[in-house]
Amino acid sequence: MEFPFDINQLFSERISILDQNLVASRQSKEKPDLRVKIATVLDELGEASAKAQDLPAPITSASKLQFQKHQLYLMKDGESSRGRGVVVGFLKVGYKKLFLLDRNGVHIEVEPLCVLDFYIAENLQRHGYGLELFNFMLQHQNVEPVLLAYDRPSTKLLAFLAKHYNLRQSVPQVNNFVAFEDFFYKRAVSQLRRVKKPDGEIKPYSLMEREAVRQEQRTLPWPFAAPQSPHRSVSSQCSQSPSAGSSPRRVLPCVTHPTFAGDSREQSPHSPLMDCCRTRRSNSLSRSQLGFN
Ligand code: ACO
């Protein structure tokens, strides 16, 4: 993905690690204008990822990253675009408290590292960049792929995991997360806490986040509200099959029971950078660009 500014000025490494501070180098820490450009890159990446996954709204943006304890690995190709560099893609991970079912159908409370969003620019997919980025994250987090939980993996991600890490057998869950068989065997017993099914309906993290975005879309007045479109419900996603040659639909286990809890760390309080982004892009009607995500 090309941008109208120098990517190498923002990101010094081939793979940069961004967190709540949106800082990729000492230079960007000291210069607010660089932070604004980083925010632009993150917002555009989040939108491209959402489009590729057929999501109604981005689940990654600069303002979201600021208020989540997530880590985002951003990969660039520093030589392309006449030496200004292009962004190849990103991978976002974070810890989530989840209630998962083990192979015996017992509810287990865990807080694994989760793969939350993963995107490689369309023209660069299937060139090995995803693998390079994923392996970098594994090394940095010192974790095996089987010990991760995957938030509504797309058909492309499932194929990626099967091909590169031989992850094929998942244990059916009642929420959107996918855990593979050895997730439960390889995890230390002390890390698995058997729990009683919680009372009442508690929504899984990823549903909460996506539903919040939809709710915002419904309640915002024109011109901020997106046009009403028939968003897919979870149950309709279950029945849809991926279509060849088009953007993947995220494949997820069908939700047939009440769903269970994630944490609520996704709330977005007030922030100076958000204000800055709002002002800077006040002419755009895009919701994420307006800082509502
Ligand atoms: N169709 C099927 N499988 C695919 C496709 C595709 N269009 N693209 C990649 N894969 C899988 C295949 O196993 C492929 O191997 P193959 O070419 O021999 O069939 C393998 O990935 C290629 O590996 P890489 O080149 O290292 O992967 P890539 O750079 O393409 O990155 C990624 C993989 C991130 C899934 C990328 O395809 C992408 O951005 N897809 C669109 C967005 C998406 O679906 N992201 C995952 C969302 S789910 C989540 O984030 C929890």
(request) Have a look at 12, 49, 61 and point out the one that is at pLDDT below 95 and among the small types (Gly, Ala, Ser). (result) 12
(message) Which numbered condition in (1) more than 20 Å from residue 125 (Cβ to Cβ); (2) surrounded by 20 or more Cβ atoms within 10 Å (Cβ to Cβ) is the only one that residue 46 fails?
(response) (1)
(request) Of the numbered conditions (1) surrounded by fewer than 17 Cβ atoms within 10 Å (Cβ to Cβ); (2) modelled with pLDDT under 80; (3) not charged (D, E, K, R), residue 204 fails exactly one; give the number of that condition. (result) (1)
(message) So for region 2-21 (the condition being among the basic types (Lys, Arg), out of contact with any Ser or Thr (no Cβ under 6 Å at 6 or more places or on another chain), surrounded by fewer than 22 Cβ atoms within 10 Å (Cβ to Cβ) and closer than 29 Å to residue 179 by Cα), does at least one residue qualify?
(response) no
(message) I'd like to check something: does region 99-117 contain any residue that is within 10 Å of the ligand (Cβ to nearest atom), crowded, with 19+ Cβ neighbours inside 10 Å, modelled with pLDDT of 95 or more and over 19 Å from residue 74 (Cα atoms)?
(response) no
(message) Considering only region 79-88, I want to know if a residue exists there that is surrounded by 15 or more Cβ atoms within 10 Å (Cβ to Cβ), within 25 Å of residue 168 (Cβ to Cβ) and either within 16 Å of the ligand (Cβ to nearest atom) or modelled with pLDDT of 95 or more (or both).
(response) no
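Each row is one residue, and each column tells you yes or no for (1) of a type in the set (Gly, Ala, Ser); (2) within 15 Å of the ligand (Cβ to nearest atom).
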| residue | (1), (2) |
| --- | --- |
| 120 | no, yes |
| 154 | yes, yes |
| 166 | no, yes |
| 169 | no, no |
| 174 | no, no |
(request) Provide a single number: the residues in region 125-151 that are in a loop (DSSP other than H, G, I, E, B) and within 6 Å of the ligand (Cβ to nearest atom). (result) 4
(request) Being more than 12 Å from the chain's Cα centre (by Cα) and closer than 18 Å to residue 10 by Cβ is the filter here, so list the residues in region 90-125 that pass it. (result) 121
(request) Examine region 31-43 for a residue that is under 20 Å from residue 177 (Cα atoms), surrounded by fewer than 15 Cβ atoms within 10 Å (Cβ to Cβ) and either more than 14 Å from the ligand (Cβ to nearest atom) or in contact (Cβ under 8 Å) with a residue 24 or more places away in the chain (or both), and state whether such a residue exists. (result) no
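The values are calculated or read from the model by the stated rules, or taken from the named source; none is laboratory data. It should be emphasised that the depicted structure is a prediction, and the values quoted were computed from it without experimental measurement. Glycine also receives a Cβ, built like all others from the backbone with ideal geometry; neighbour counts cover every protein chain displayed.
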